[in-house]
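Written out below as structure tokens is the structure these notes cover.
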Amino acid sequence: MNPMRYRISFFACAALAILTIIIWLASIMPAGEGSYGMAKLVLPALIFGSGFVFCLIWFPVNLGIFLWFRRHQLKSGQDPHTRPEVITVSGFVFVVCILVVASLWVAARSRAQLPPPAPEPPTELKDVKTFVDQFIAQERSGTKRGPNDGTVSAVAQLVSLSKPEVGEYIADHLDDSSDFLQNIAFYPNCAPRLVARFLTIPSTHVALAMNRTASAELLEILSQSTNRDVRFRVAMNRNSSKEALEHLVNDSDREVGKEAKQSLLARTGTQ
């Protein structure tokens, strides 16, 4: 059997595999700056992806050529007892690729069937009290922090992941002038006891209006604020009552009124 046919099939399959991977990479490449990180993976994906696709299509093409010309030989009375090694090699590679795909599919299916991990319990005050006390001492002493100081962000994240007692403890040891109170007012685990105090501190009102667990009663009070930013956040909050939104629709600030109107329309489902 003419080996030239299998040489042609080899190069044709290689070209098709490379073209397939190039088209796939072009389709998933993000636009803008996000493409920079993906660009680093193009060469490895092209090499390994093309090789994998080639191994999957090479054997079926070779088998098709073999069967086609075997049939032609039988009809023409030629000797059909030829077993080109390329069929064996490409068949072996094909089986290996199928086994790899099957094993990956089984592994992915097994992971999907596993129950989700249990959420970690919220952090308790006793576990972080030393760290919190250090932060409180720094805040009360007026420590100046540089632009790269991540202490405030770290403590704010700690408050968001902890039981309400952590936020309460910090708030109880900071005076009303502390900017960190805004972080405590913003998070859903803000203790109800602190809300009454924060209502007397205007600097925390925007954070209270942004709190996704703020009550309709609290948001109605904040909707009367003289601070435009507070009223805007109330108009955006999904917990705002219909009455509060209807009041803000006629707000003196056009953006606040527009946001309140959009929230009302989204709630009623009309346009």
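The values are calculated or read from the model by the stated rules, or taken from the named source; none is laboratory data. Worth saying up front: this structure is predicted, and the values here are computed from it rather than measured. FYI the Cβ positions are ideal-geometry reconstructions off the backbone, even for glycines, and counts take in every protein chain you see.
Annotations
- Taking the criterion of being buried (at least 17 other Cβ atoms within 10 Å of the Cβ) and either more than 13 Å from Ala137 (Cα to Cα) or out of contact with any helix residue (DSSP H, G or I) (no Cβ under 7 Å at 6 or more places or on another chain) (or both), no residue of the stretch 170-179 qualifies.
- Top-ranked residue in the stretch 114-141 [being at pLDDT 85 or above and part of a loop (DSSP other than H, G, I, E, B); ranked as farthest from Leu181 (Cα to Cα)]: Glu124
- When residues of the stretch 194-207 are limited to those that are within 14 Å of Arg228 (Cα to Cα) and either loosely packed, with under 15 Cβ neighbours inside 10 Å or of a type outside the set (S, T, N, Q) (or both), the one farthest from the chain's Cα centre (by Cα): Pro202
- Test result for Arg238, in contact with a Ser or Thr (Cβ under 9 Å, 6 or more places away or on another chain), charged (D, E, K, R) and not in a helix (DSSP H, G or I): yes
- Pro80 at pLDDT below 75 and assigned by TED's automatic domain parsing to the domain that holds Ile21: yes
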